[in-house]
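Only the coordinates and a few stated rules stand behind these numbers; no lab work does. Bear in mind the structure is a predicted one, so any value in this text is a computation, not a measurement. Note: ideal-geometry Cβ built from the backbone for every residue, glycine included; neighbour counts use all protein chains shown.
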Amino acid sequence: MDHSLSLVFITSNGSKASITIPDVREGLTNEEVEELMQVIIENNTFLTKNGTLVTPYSAKIVSKSSTVIELKK
């Protein structure tokens, strides 16, 4: 199963901006995610059309699975 980490931040103009990180490992802790979000903010890692990222808003791990459907031939 594929896992991605979806991070949402508040920008300097009050809008929301999201970042998705693919293929994260299982078992990430809340503390690790919060620390990552703070590092992203402190280092001004990303600049959006709505300004810099200033505050963590939310985070979630998204799990994706797929099932192959056998078609009649």
Check your understanding: Listing 5, 53 from the residue with the fewest other Cβ atoms within 10 Å to the one with the most, what is the order?
Key -> 5, 53
Review point. What is the Cα centroid distance between region 51-73 and region 1-29, reported in whole angstrom?
Key: 10 Å
Review point. In Å, what Rg and Dmax follow from the Cα atoms of the chain?
Key: 15.9, 56
Exercise for review: Measure nothing but the geometry: give the 0 to 90° angle between the long axis through the Cα atoms of 30-42 and the longest principal axis through the Cα atoms of the chain, rounded to 10°.
Suggested key: 50 degrees
Point to revise | Total formal charge among the other residues, if their Cβ is under 13 angstrom from that of residue 42, Lys/Arg +1 and Asp/Glu -1 | key: -2
Point to revise | Virtual spin-label span in nm between residue 70 and residue 55, 7 Å along Cα→Cβ | key: 5.4 nm
Study note, to complete from the structure: Whole-Hz Karplus couplings 3J(HN,Hα) for region 9-17, θ = phi - 60° and coefficients 6.51, -1.76, 1.60, Gly and Pro as x, run 10, 8, 8, 5, 9, x, 7, 9, 9
Check your understanding: Nearest 20 debye, what's the magnitude of the dipole of the chain about its Cα centre given +1 on Lys and Arg Cβ and -1 on Asp and Glu Cβ?
Key -> 540 debye
